[in-house]
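Here is the structure we will look at.
Nothing in this text is a laboratory measurement; each read-out follows from the coordinates by a stated rule. Quick caveat: nothing in here was measured; it's all calculated off a predicted structure. Positions of Cβ are backbone-derived with ideal geometry, glycine not excepted, and every protein chain shown enters the neighbour counts.
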Amino acid sequence: MKILAADTSTDILTVGVCADGATLAHTVVRCGRAHSERLMETAQWVLREAGLALPDLDALAIAHGPGSFTGLRIGVASWKGLALGANLPLVAVPTLDAMARTAVACRGPLCVALDAKMDEVFGAWFDASPEGLVRRGPDRVCPMVTLMEDAPAGAVYLGDGVTRYAEAIRAHDPTAVLLPETVAGPRAWAVALEGAARIAAGADTDPALVSPVYLRKSQAELNRERALQS
């Protein structure tokens, strides 16, 4: 199965093509807020490097959140357009599940945390074992200290939320293992692998049903509600 995958959930843009678990072409670019300008040209470059065109693909996979509101909208809308135009299946992949796959070599409790601004993170806990990853609960948006409540000692942490709150994590657990983004972070190959697993498990691949997962309202929506209330 050949899958073109992307993750635009953070300030990192990552696009890749995988075939039956092997990475054919892959790129990771810290582009800030330039996803709209860079995504499609990056996808074209990746396909070219893999020697493929859209009709050669079996499916598309997109990380649909949680994460940056703007980034998610751009990624989901772009991949839906590609899927509908090329008549390809599109599978939605939870951002934190894909990121957890980048740390599959780890064993034991695993926490993925993305900086959600406003002194909060988007986070989730997993158990990593030779058999794979098992979720320990749903995605949450909360302060990092709240996400760490009842966290076992020696847990593995990854994501840009971990980078921002590294001091708090180490204060909570001096034995915690903090993975740098060079080792574990948003990676399109992980989105492709998670997408392939979900397709094999019978996930819905209708592009029309894919939508971003935000977990909370945007700052603009909150400001508008406050203005209306006042």
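Please give the helix 219-229 orientation as an angle from the longest Cα principal axis of the chain, in degrees from 0 to 90, rounded to the nearest 10.
70 degrees
Quick one: order SER230, SER9, SER36 by neighbouring beta-carbon count within 10 Å, fewest to most.
Ascending Cβ contact count within 10 Å gives the list SER230, SER36, SER9.
Can you tell me the 0 to 90 degree angle between the C-alpha axis of helix 188-200 and the longest principal axis of the chain, rounded to 10?
Helix 188-200 sits roughly 80 degrees off the main axis of the chain.
Within the stretch 187-215, name every residue whose backbone N is under 20 Å away from a label modeled 7 Å from Cα of THR70 along the Cβ vector.
212-215, by backbone N distance to the label point.
Through the Karplus equation 6.51 cos²θ - 1.76 cosθ + 1.60, θ set to phi - 60°, convert the phi angles of the stretch 144-154 into ³J(HN,Hα) values in whole Hz; use x for Gly and Pro.
4, 5, 5, 5, 8, 4, 6, 5, x, 5, x
Mind jotting down a quarter of the surface of the convex hull over the alpha carbons of the stretch 36-150, in square nanometres, one decimal?
For the stretch 36-150, the mean projected area of the Cα convex hull comes to 8.8 nm².
Mind giving me the nanometre distance, one decimal, between the label points for GLU149 and ASP20, set 7 Å out from Cα along Cα→Cβ?
4.8 nm
Counting each DSSP H run of 4 or more residues in the chain as -39500 (n - 2.57), what helix-only mean residue ellipticity at 222 nm follows after dividing by all residues, to the nearest 500 deg cm²/dmol?
-10500 deg cm²/dmol
Taking 25 °C and 0.890 mPa s as the conditions, I'd like the Stokes-Einstein D for the chain in µm²/s, using the Kirkwood hydrodynamic radius from alpha carbon pairs.
Calculated translational D: 137 µm²/s.
As an exercise, identify the GluC sites (Glu not before Pro) in the stretch 82-189 lying in DSSP coil whose Cβ has no more than 13 other Cβ atoms within 10 Å.
For GluC sites (Glu not before Pro) across the stretch 82-189 that sit outside H, G, I, E and B with at most 13 neighbouring Cβ atoms in 10 Å, the list reads GLU131, GLU149.
How far apart, in nanometres, would the label points at ALA203 and TRP45 be if each is projected 7 angstrom from Cα along the Cα-to-Cβ direction?
2.6 nm
Trypsin sites (Lys or Arg not before Pro), restricted to the stretch 65-169: which are DSSP loop and have at most 13 other Cβ atoms within 10 Å?
Loop-located and lightly packed - ARG107, LYS117, ARG136.
Give me the Kirkwood hydrodynamic radius of the stretch 109-171, using the inverse of the mean 1/r over all pairs of distinct Cα atoms, in Å to one decimal.
11.7 Å
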